[in-house]
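So the structure is just underneath, and the comments pick up after that.
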Amino acid sequence: MASIEGVGGEYVSRKFDGPDTGETRYWISFDLGLMGDYSHFYKWLDEQNAEECGSGTAAIVSSKSLDEMIVEIREALQEKPRARAYILSKLPDGRFGGKFVVGGRRKAPWSGFAVRESDTVEYA
């Protein structure tokens, strides 16, 4: 374990995303809803040796391509209604990117909590 300077806690350094490993790290954020088939999707995650990264988030190190991972996620989720999955990975050009592979973006639960300045003038 190594510590990150100026940051509490530790991180685990594992070799991945290198030309000599042929592997890529994928992060998958998922929400299957209240009626979701978690056991089927959890089985798939376990088969991938996924690491838990918080509620509804997993990391997978794999030699599979992004397209292969997307196909497998869609199959594992079996196109269940209301299921959502977002995958993030390092792209071939070195940047990081992500996209929804099942479902889509919804209004954030924190939307409306921030106090914003208004240019509106109100008269009584």
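Taking Glu72 and the conditions (1) assigned to a loop (DSSP other than H, G, I, E, B); (2) surrounded by 14 or more Cβ atoms within 10 Å (Cβ to Cβ), which numbered condition does it fall short on, given that it satisfies the others?
Just one mismatch for Glu72, condition (1).
Residue by residue through region 22-65, note down the ones that are more than 15 Å from Gly103 (Cβ to Cβ), touching a helix residue (DSSP H, G or I) at 6+ places or on another chain (Cβ under 7 Å) and among the aromatic types (Phe, Trp, Tyr).
Answer for region 22-65, where residues must be more than 15 Å from Gly103 (Cβ to Cβ), touching a helix residue (DSSP H, G or I) at 6+ places or on another chain (Cβ under 7 Å) and among the aromatic types (Phe, Trp, Tyr): Tyr26, Trp44.
Could you go through region 102-123 and let me know if any residue there is among the hydroxyl-bearing types (Ser, Thr, Tyr), surrounded by 14 or more Cβ atoms within 10 Å (Cβ to Cβ) and either farther than 17 Å from Ala58 by Cα or touching a strand residue (DSSP E or B) at 6+ places or on another chain (Cβ under 6 Å) (or both). Break it down stepwise before answering.
Our first condition is that a residue be among the hydroxyl-bearing types (Ser, Thr, Tyr); within region 102-123, this holds for 111, 118, 120, 123.
Going one step further and asking which of them are surrounded by 14 or more Cβ atoms within 10 Å (Cβ to Cβ), we end up with none.
Checked against the condition, which is being among the hydroxyl-bearing types (Ser, Thr, Tyr), surrounded by 14 or more Cβ atoms within 10 Å (Cβ to Cβ) and either farther than 17 Å from Ala58 by Cα or touching a strand residue (DSSP E or B) at 6+ places or on another chain (Cβ under 6 Å) (or both), region 102-123 yields no hits at all.
Going through region 20-43 one residue at a time, which ones are assigned to a helix (DSSP H, G or I) and over 15 Å from the mean Cα position of the chain (by Cα)? Give the derivation first.
Taking region 20-43 as the starting set, the residues that turn out to be assigned to a helix (DSSP H, G or I) are 38-43.
Across region 20-43, the qualifying residues are Tyr38, Ser39, His40, Lys43.
Take region 65-124 and flag every residue that is basic (Lys, Arg) and touching a Phe, Trp or Tyr at 6+ places or on another chain (Cβ under 6 Å). First the steps, then the outcome.
Looking only at region 65-124, we keep the residues that are basic (Lys, Arg), and these are 74, 80, 82, 84, 90, 95, 99, 105-107, 116.
Result: Lys90, single match.
Among the residues of region 78-98, write down those that are closer than 17 Å to Trp27 by Cα, surrounded by 11 or more Cβ atoms within 10 Å (Cβ to Cβ) and of a type outside the set (Gly, Ala, Ser). Don't jump to the end; show me each part of the working.
Initial filter on region 78-98 (closer than 17 Å to Trp27 by Cα): 83-92, 94-98.
Then drop every residue that is not surrounded by 11 or more Cβ atoms within 10 Å (Cβ to Cβ), which leaves 83-91, 97-98.
Within region 78-98, Arg84, Tyr86, Ile87, Leu88, Lys90, Leu91 meet the criteria.
Checking Trp27 against (1) of a type in the set (A, V, I, L, M, F, W, C); (2) at pLDDT 95 or above; (3) out of contact with any Cys (no Cβ under 9 Å at 6 or more places or on another chain), which test does it fail?
Against the list (1) of a type in the set (A, V, I, L, M, F, W, C); (2) at pLDDT 95 or above; (3) out of contact with any Cys (no Cβ under 9 Å at 6 or more places or on another chain), Trp27 comes up short only on (3).
Please identify the pairs in which a residue from region 45-58 that is free of Cβ contacts under 8 Å to residues at least 40 places away in the same chain and surrounded by 12 or more Cβ atoms within 10 Å (Cβ to Cβ) has its Cβ atom under 8 Å from the Cβ atom of a residue that is hydrophobic (A, V, I, L, M, F, W, C) and in a loop (DSSP other than H, G, I, E, B), counting only partners at least 6 apart or on another chain.
Cβ pairs passing all conditions: Ala58/Ala50.
Give me the pairs: first residue in region 92-103 and more than 20 Å from Glu72 (Cβ to Cβ) and in a strand (DSSP E or B), second residue modelled with pLDDT of 90 or more and of a type in the set (A, V, I, L, M, F, W, C), beta-carbon distance under 8 Å, and six or more apart or on different chains, which are they?
From residues that are more than 20 Å from Glu72 (Cβ to Cβ) and in a strand (DSSP E or B), the pairs are Phe96/Leu88.
The values are calculated or read from the model by the stated rules, or taken from the named source; none is laboratory data. Small disclaimer: the values here were computed from a predicted structure and weren't measured. Don't worry about glycine lacking a Cβ; one is built from the backbone with ideal geometry, like all the others, and counts go over all protein chains shown.
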